[in-house]
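Here the structure is laid out as structure tokens; the discussion comes afterwards.
We did not get these values from a lab; they are worked out from the coordinates using the rules stated. These numbers come from a predicted model, not from an experiment. We place every Cβ from the backbone using ideal geometry, glycine too, and count neighbours over all the protein chains shown.
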Amino acid sequence: MPGPARHSDCRAKGASPFGHQKDSSKVRVHSISQPSGEHTRGIATRAPLQHFLGYLQDNWGAGKGFTVSIGSKILRAGIALLALGALALQGGAAWGALWVVQNEQNIKDQLVASQFDTPESVSSYIEQAGLSETGALYLKASLPRVVPSFEFGRYCTRNEPGIGVLGCYTTRDSRIYLYDVTDPRLESIEPVVAAHEMLHAVWFRKSPAERDTLAPLLEDAFAALGPEHPLVERIDSYEADNPASRIPELYSIIGTEIREIPDALEAHYSRYFDDRSSVVDLADRVYRVFDTLQAELDQLSNELNSRNAEIEGLRFTYEETSKVLAADIGAFNEKADTPGAFPSKSQFEAARSELVERQARLESMRITLQSKITDYNTLLEELLVLNDEVSELNQGINVTLEAEEELTPPPSELEE
């Protein structure tokens, strides 16, 4: 923004055919003030929301846990979708390996689950997610532990900006670790993550033949969602981290988040859920929190972009008009200083009156511009408040944001 244009006084000095007027009779056209404010040349950055994922970490260190990953629309500010849970193969076993003979595993699961002292939080997850006795058994057999944020990274890790791990199933100790979500707006995600990781434990226990039977059903259900579905981005993220994770992640995500699935899959999941719609409802509830903020951010962003264009156009017109008026005032003053330059007093008054009218129109333009700048900055403050809310939500789902360049209001001390 150019510096303020301080306009010259329009002085009527000695502008009559009768010689110079006395100083006491000088008439002034006062300087025009310019708009003040902190209007930005552009739109402030919107902090993005994340998706949460889940994952399996293998022994070569690549990992996905139940993560939250961020969208990359910003500075256009988009909010990315929620992605849930993941497996973490943190032991030495490969994806397709079975630890022991199946019946021995079943016996072990029954024994471990029966001896597990189920915390109240886990019992609540079982009920809220609509798990069946079998689903509850596999969750308990994985000795689920809700871990506070400061300790969670010891068990489930994925150090990428925009990715927040919320849970993982580890083959090292056959356990499920769950991030302790403390934001009340997001608490319904915890049972979803628990169910997601439970299905990872189930998948890991299945034989190659069972997996081969389920894989095409999962692919069909995934394809039916269409290329624009948020799950497409999430699965791409999983595969980029570990190509072998595609089917296991589809198994957990479809089972906990997708409402309409083929009958064969619904029948399969009924072994682990008495009411699978319960866990899908919980996932939808969390998505709505993010979707609502996304809509508000989009609306504010579009409004600010529109107002920004209007303001910049009006500012340009104001500045150009101001320059022309300043030049004309200077010319008038110079002429007024020249004896006899105005043939008559009426011509002098007419010229002066025309400048005063132009000055009044310019002042009206300034007031309008200042009002629009004030309204813009009020909306900008609303956007900043939403950004703070987004940041709180991101922290609540264990997301570390990548630093984004933000447009900040430049100083524009336009004189009043």
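Taking every C-alpha pair closer than 8 Å and separated by at least 6 residues, the mean separation divided by the residue count of the stretch 263-376 gives a relative contact order of 33 percent.
The order of E357, E228, E382, going from fewest to most other C-beta atoms within 10 Å of their C-beta, is E228, E357, E382.
Listed by chain and number, the aspartates and glutamates whose alpha-carbon sits under 18 Å from that of K140, ignoring those within fewer than 8 places in the same chain, are E104, D109, D117, E120, E127, D173, D180, E190, E197, D274.
Computed from label points 7 Å out along Cα-Cβ, the spacing between E266 and A224 is 0.9 nm. Taking only the alpha-carbon positions of the stretch 159-238 and ignoring solvent, what does the Debye formula give for the base-10 log of I(q)/I(0) at q = 0.13, 0.24, 0.25 Å⁻¹? Here the Debye-derived log intensity ratios amount to -0.57, -1.27, -1.27.
Assuming charge only on the beta carbon of Lys and Arg (+1) and of Asp and Glu (-1), the dipole of the stretch 224-370 about its Cα centre is about 860 debye to the nearest 20.
When a footprinting reagent is the concern and you count Cβ atoms within 10 Å, what order do S237, S371, S174, S278 take, fewest first?
On the way: S237 24, S371 12, S174 20, S278 17.
Neighbour counts put them in this order, fewest first: S371, S278, S174, S237.
By the count of other C-beta atoms within 10 Å, a proxy for reagent exposure, V385, V289 are ordered fewest to most as V385, V289. Note on S124/T374: beta-carbon distance plugged into 1/(1 + (r/R0)^6) with R0 of 41 Å gives a FRET efficiency of 0.25.
The simple Förster model, with R0 at 60 Å and r as the Cβ-Cβ distance, assigns E349 and A295 a FRET efficiency of 0.50. Length gained on full extension, L111 to T157: 13.6 nm, using 0.36 nm per residue less the C-alpha separation. Between D180 and K335, the distance separating the two model label sites (each 7 Å from Cα on the Cα→Cβ line) works out to 8.1 nm.
Expressed as a fraction of 2.2 N^0.38 Å, the rule-of-thumb size for a compact globular protein of N residues, what is the C-alpha radius of gyration of the stretch 312-379?
Normalised Cα radius of gyration, the stretch 312-379: 1.47.
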